[in-house]
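Worksheet: one structure, shown below.
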Amino acid sequence: MLSTISSFLRKWRLKTNLKRIKDHIEIGDSHFFEMFSINLMKPLKNKKYVTVGDNTILDCLILFESSEGEVVIGNNVFIGRSNLICRSKIEIENNVFMAWGIYIYDHNSHSLDYKERQKDITQQLSDYRSGKLFIQNKNWDVVDTRPIKICSNVWIGMNCIILKGVTIGEGAIVGAGSVVTRDVPAWTVVGGNPAVVIKKLEGKEINI
């Protein structure tokens, strides 16, 4: 009984969330699991933040921590219960398979300068104590951000971290638990922290 009620509430929250942000998303003939969510921070009027193609299944959280950013997801994509945190751009092409526990993060979150990080803490406290979202007035001008691109036919294993500025080439496989800090060549298997090439694939023989 409790599981039925919980499932109903999750479906209701999903439907409410998508309806609330309908002017900021463009979705084809795709499907969303109950935990799927899009969180927008101070969205700009009529700006399209998320575009999803056809025959895609999503169970992820897509989070925009400012009014900037864009997430584009193609056709025939599966993303398990993972997190896409965007301020620049995250592009996922077609026929991509992503497991659970993945974090895709297209910015540094904070400055490399410790003085700017001190200012972040002070601002967060001020916002929180005044009843605002704690990063509502964060200074993003000092934070490095670069787009991420995941090309077609990529497979990313569970609990991976994909960092800013990375392109994962077509047909590549990222092993579970990897931390990807630089571009991944097409048709390779990478793994580790930081991820390195451990095997080359013949693209024409691989069907992911």
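Where strands (runs of 3 or more DSSP E) sit wholly within region 66-121, those with at least 3 residues that are under 18 Å from Cys160 (Cα atoms) occupy 83-86, 90-92, 103-105. Per this entry, Trp140 is not counted among residues that are in contact with a Gly (Cβ under 6 Å, 6 or more places away or on another chain) and among the hydrophobic types (A, V, I, L, M, F, W, C). When every residue of region 102-111 is checked against the conditions, at least one turns out to be modelled with pLDDT of 95 or more and within 19 Å of Thr56 (Cβ to Cβ). The sole residue among Ser30, Ser67, Ser3, Ser82 that is hydroxyl-bearing (Ser, Thr, Tyr) and either modelled with pLDDT under 85 or in contact with a helix residue (DSSP H, G or I) (Cβ under 6 Å, 6 or more places away or on another chain) (or both) is Ser3. Among the residues making up region 12-58, those that are among the charged types (D, E, K, R) and under 20 Å from Arg87 (Cα atoms) are Lys22, Asp23, Glu26, Lys42, Lys45, Lys47, Lys48.
The values are calculated or read from the model by the stated rules, or taken from the named source; none is laboratory data. All figures in this text were calculated on a predicted structure; none of them were measured in a lab. As a convention, Cβ positions derive from the backbone with ideal geometry for all residues, glycine included, and neighbour counts pool all protein chains shown.
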